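Read the figures in this text as sums done on the coordinates, not as results from a lab. Keep in mind that this is a model prediction, so the values were computed, not measured. Note: ideal-geometry Cβ built from the backbone for every residue, glycine included; neighbour counts use all protein chains shown.
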Amino acid sequence: MAKELEDFRQGDTKRVKIDYGTGVDITGYKHWLTLRVELGDTNIIAQAFSVAGSHALDQVSNGIAFVQLESDISKLIPPGKYVWDVQRVVPGTSPPDVLTLAPSIKNFNDKVQVFQGVTIIDV
């Protein structure tokens, strides 16, 4: 599935690869990457969303998708440590088929650290 999220710097493009396995068709699957200060916090620090097939590196017929936190969003994240998760929703299911892919249950309270950026690029 999805890897554990590694620490990063403000302004970095942060890409998370999600791998369901060869031959798994994930057309239309929706993925979210969300960062919050604490578990249960209602304020979202940063969030990225993607639909399988929308990222250039996706391979929907082979179960590979990416959710990407763009640099213009990550540069606005205050340096600090944040709880996070990656979730997926399967399209056309009622009620919605939702699954938290990462972090693993044993690491559910681990935090990712966002470090202050040194080079700030405004393109």
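Some observations on this one:
- Taking every residue in the range 98-111 that is of a type in the set (Lys, Arg) and pairing it with any residue that is assigned to a strand (DSSP E or B), at least 6 positions away or on another chain, the pairs with Cβ-Cβ distances below 8 Å are 111/81; 111/82; 111/83; 111/84.
- Pairs where the first residue, in the range 47-62, is more than 18 Å from residue 33 (Cα to Cα) and the second is of a type in the set (Asp, Glu), C-beta under 9 Å, 6+ apart: 60/25; 61/25; 62/19; 62/25
- Residue 17 being surrounded by fewer than 18 Cβ atoms within 10 Å (Cβ to Cβ), in contact (Cβ under 8 Å) with a residue 40 or more places away in the chain and under 16 Å from the mean Cα position of the chain (by Cα): yes
- Single residue of 63, 40, 92, 80 found to be surrounded by 15 or more Cβ atoms within 10 Å (Cβ to Cβ), on the phi > 0 side of the Ramachandran plot, out of contact with any helix residue (DSSP H, G or I) (no Cβ under 7 Å at 6 or more places or on another chain) and not polar (S, T, N, Q): 63
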